[in-house]
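Chemist: Dumping the structure here so I can ask a few things about it.
The values are calculated or read from the model by the stated rules, or taken from the named source; none is laboratory data. Computed from a predicted model, the values in this text were never measured in an experiment. In this analysis, Cβ positions are derived from the backbone assuming ideal geometry, glycine residues included, and neighbour counts consider all displayed protein chains. All accessible areas refer to the heavy atoms of the entire protein, side chains included, with ligands and DNA or RNA removed. Shrake-Rupley method; radii C 1.70, N 1.55, O 1.52, S 1.80 Å.
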Amino acid sequence: MSKIILTGDRPTGRLHVGHYVGSLKRRVELQNSGEYDDIFIMIADAQALTDNADNPEKVRQNIIEVALDYLSCGLDPQISTLFIQSQIPELCELSFYYMNLVTVSRLQRNPTVKSEIQMRNFETSIPVGFFTYPISQAADITAFKATTVPVGEDQLPMLEQTKEIVRKFNMVYDDVLVEPDILLPDNKACLRLPGTDGKAKMSKSLNNCIYLSDSEDEVKKKIMSMFTDPNHIRVEDPGQVEGNPVFIYLDAFSKPEHFAEYLPDYQNLQELKDHYSRGGLGDVKIKKFLNNVLQEELAPIRARRKEFEKDIPAIYEILKKGSEKAEAVAAQTLADVKRAMKINYFDDMELIQAQAKKFSQE
Ligand code: TRP
């Protein structure tokens with residue numbers, strides 16, 4: 001069986017380092033591993049509109065930002081198909097048929113939908129499109145017969161729901177859909193990077209993100225004002241490592257080589273953590289180290305972005321070509337689905353002849 005990747009992001013803002021360690025970096029590695037027959041990376045504008053119906057301009061403006069972030073991280077349009085969700089009408093058709101296989105109560109139990117409803121204060125005014133987006137996400141994944149979906153841990157319930165739809169469809173109709181596997185980051189710290197303010201999640205509205213496209217100065221400023229252990233007041237005080245965002249970021253980004261280069265007093269992260277816990281290590285020192293580590297990772301990304309920004313029409317052209325290719329693949333799956341559901345009337349010679357016979361006998 002072919003190995004196929006599908007994944008994507010909502011274009012509601014520039015991508016941040018949480019996206020990077022949680023998924024983007026891995027995608028580039030998977031792409032460069034050469035192990036996949038096809039890779040589809042989707043800018044999920046239609047999904048972004050499910051809770052931004054009154055702000056389509058935000059979504060429109062951010063498509064190019066996300067595309068630039070993709071390319072500057074190393075996604076290569078020669079290998080990975082980059083496309084825009086709304087340009088693939090087949091996804092809507094698939095969603096429409098999958099809706100019959102999912103109950104309202106099952107959607108209400110989806111933990112991601114549940115928490116997002118709370119976060120957005122939708123309460124009783126949940127848009128139907130938003131409520132059903134797990135179904136549309138199942139369409140995104142199955143349209144490409146994806147076997148592997150590299151995403152963050154918050155997407156686990158979406159994958160569960162997709163698997164259920166696949167099983168149900170294959171059981172009720174015919175075995176045409178592929179059950180995908182989620183691929184989570186193996187580094188625990190990368191599962192969900194907290195905000196620079198220590199809040200559980202990076203979010204634009206909380207203003208606690210470090211963006212891939214931030215300048216060197218912006219990154220430094222954000223790191224130097226990061227939340228740490230609030231009880232670590234004097235340098236001599238013992239500090240708390242666990243749950244301390246600076247250390248979580250170091251868990252996600254630092255490598256032993258970084259110590260030799262930027263902080264040769266320590267061999268590795270464990271030694272640094274031990275010293276912090278004992279007391280006698282100031283926050284400024286670890287923040288400066290984190291800044292060096294992060295700048296090293298972000299500098300080449302930033303430089304590539306500057307290059308890509310010089311020819312924006314070419315980026316739209318990449319997305320157009322990608323969308324054409326993606327549509328051809330989705331159309332094939334939709335044809336398989338309609339055949340399995342026996343709603344391919346005009347291609348179904350058996351049906352036409354059987355009906356003809358029935359009426360000729362009357
Ligand atoms: N829900 C994803 C997010 O919030 C975006 C997305 C839409 C997606 N469709 C997908 C991810 C299909 C993986 C597979 O970022």
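Chemist: Would you call residue 137 buried (at least 18 other Cβ atoms within 10 Å of the Cβ) and more than 26 Å from residue 255 (Cβ to Cβ)?
Modeler: Yes, satisfied.
Chemist: Could you count how many residues in segment 1-15 are open to solvent by less than 20 Å² (accessible area, probe 1.4 Å) and assigned to a strand (DSSP E or B)?
Modeler: Counting residues in segment 1-15 that are open to solvent by less than 20 Å² (accessible area, probe 1.4 Å) and assigned to a strand (DSSP E or B) gives 3.
Chemist: When segment 67-105 is examined, which residues are found to be assigned to a helix (DSSP H, G or I), polar (S, T, N, Q) and closer than 14 Å to residue 144 by Cα?
Modeler: Across segment 67-105, the qualifying residues are 85, 95.
Chemist: Just to be sure I understand, how many residues within segment 180-230 are surrounded by 15 or more Cβ atoms within 10 Å (Cβ to Cβ), in contact (Cβ under 8 Å) with a residue 24 or more places away in the chain and among the polar types (S, T, N, Q)?
Modeler: The qualifying residues number 3.
Chemist: For residue 58, work out the one condition from (1) of a type outside the set (Phe, Trp, Tyr); (2) within 16 Å of the ligand (Cβ to nearest atom); (3) more than 25 Å from residue 20 (Cα to Cα); (4) surrounded by fewer than 17 Cβ atoms within 10 Å (Cβ to Cβ) it doesn't fulfil.
Modeler: Among (1) of a type outside the set (Phe, Trp, Tyr); (2) within 16 Å of the ligand (Cβ to nearest atom); (3) more than 25 Å from residue 20 (Cα to Cα); (4) surrounded by fewer than 17 Cβ atoms within 10 Å (Cβ to Cβ), residue 58 violates only (3).
Chemist: Please tell me if residue 162 is at pLDDT 95 or above, assigned to a helix (DSSP H, G or I) and within 9 Å of the ligand (Cβ to nearest atom).
Modeler: yes
Chemist: Inside segment 123-137, can you point out the residues that are more than 14 Å from the ligand (Cβ to nearest atom) and either at positive phi or in contact (Cβ under 8 Å) with a residue 60 or more places away in the chain (or both)?
Modeler: 123, 127
Chemist: Still on this structure, I have one more. Filter segment 250-302 for residues that are open to solvent by less than 60 Å² (accessible area, probe 1.4 Å), more than 23 Å from residue 233 (Cβ to Cβ) and of a type in the set (A, V, I, L, M, F, W, C) and give the result.
Modeler: Once the filter is applied, which keeps residues that are open to solvent by less than 60 Å² (accessible area, probe 1.4 Å), more than 23 Å from residue 233 (Cβ to Cβ) and of a type in the set (A, V, I, L, M, F, W, C), segment 250-302 yields 252, 253, 259, 269, 293, 294, 298, 299, 301.
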